[in-house]
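Undergrad: Handing you a structure now.
The values are calculated or read from the model by the stated rules, or taken from the named source; none is laboratory data. For clarity, every value in this text was computed on a predicted model and none was experimentally measured. When we count neighbours, we look across all protein chains shown, and the Cβ atoms used for this are built from the backbone with ideal geometry, even at glycine. For the accessible areas, the whole protein counts, side chains as well, though only heavy atoms, and no ligand, DNA or RNA atoms are used. Shrake-Rupley method; radii C 1.70, N 1.55, O 1.52, S 1.80 Å.
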Amino acid sequence: MKKQIDTTTANQYGNAPAAASAHAPRSALVTGASRGIGRAIAQALAKEGYRLYLTCRRSEKELTELSYQLSETCGIACTPIVADMGDIHAVNEVFSQINDLTLLVNNAGVSHIGLLHEMTAEEWHSLMDVNLNALFYTCRLAIPMMLKRHEGKIINISSVWGNVGASMEVAYAASKGGVNAFTKALAKELAPSNIQVNAIACGVIDTDMNRCFSEEEMSDLRAEIPADRIGHPSEVAELLLSIVNAPSYLTGQIITLDGSWT
């Protein structure tokens, strides 16, 4: 059963956020930022001077330490927030602390490995809440801020399984397929307002999500990848920065990063 965690805010590090205006510093919300891909993205954006809001569901200590580190080393304001992004009330509380946003990175995600007929309805809904419903919760609140600026970028972290499906990961694949469709549709809706929406479909990346596999299973998986290696979280962050800095004509795309695996 998914543990519900009340939204709480740790101390804000760095300078207080500037009032919303066309001249305010670039600001970004990165969900699932305490480790793995989200952590690498937060580090990359901090180096670019973004004012950051970072969330996680359970790892408050790690997120707080990361926020302090980024504030000290990069000279940026950073607010760590413990919140379940699959809970609409928690997301509303997160956004009550944000008055301006130029970039939204929907990275928080969970996986489920097993036969579909053995999956409970509760497990299905829990996964969909975090992997798919959270995009609706965050985007509906971020878009008005971006419309006020007449600019903004939304980048969703997806998976190659959203493109091709995966046995034993039906729910996860379905959620990421939904992310891809959501991305393409929202991009069309927001393109006239100069807001770009794209997604990164990740292959096998070296994160805690893959710790459930044995060393032998990971070796077999690596052998299937033409690039002959597992991807690094920093490579996802590097691609994300490329998308952030790309021409505004790049929108509605699902960009695959998988070493030519799929």
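The rows are residues; the columns are (1) part of a strand (DSSP E or B); (2) surrounded by 15 or more Cβ atoms within 10 Å (Cβ to Cβ); (3) modelled with pLDDT under 95.
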residue: 132; (1), (2), (3): no, yes, no
residue: 137; (1), (2), (3): no, yes, no
residue: 141; (1), (2), (3): no, yes, no
residue: 153; (1), (2), (3): yes, yes, no
residue: 163; (1), (2), (3): no, yes, no
residue: 167; (1), (2), (3): no, no, no
residue: 176; (1), (2), (3): no, yes, no
residue: 179; (1), (2), (3): no, yes, no
residue: 192; (1), (2), (3): no, no, no
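Undergrad: Another question about this same structure. Mind checking which residues of region 204-262 are assigned to a loop (DSSP other than H, G, I, E, B), under 20 Å from residue 169 (Cβ atoms), among the charged types (D, E, K, R) and touching a residue at least 12 places away in the same chain (Cβ under 8 Å)?
TA: The answer is 206, 258.
Undergrad: Quick test of your reading of the structure: residue 114 fulfils all but one of (1) open to solvent by 50 Å² or more (accessible area, probe 1.4 Å); (2) farther than 25 Å from residue 12 by Cα. Name the failing condition by number.
TA: Single failed check for residue 114: (1).
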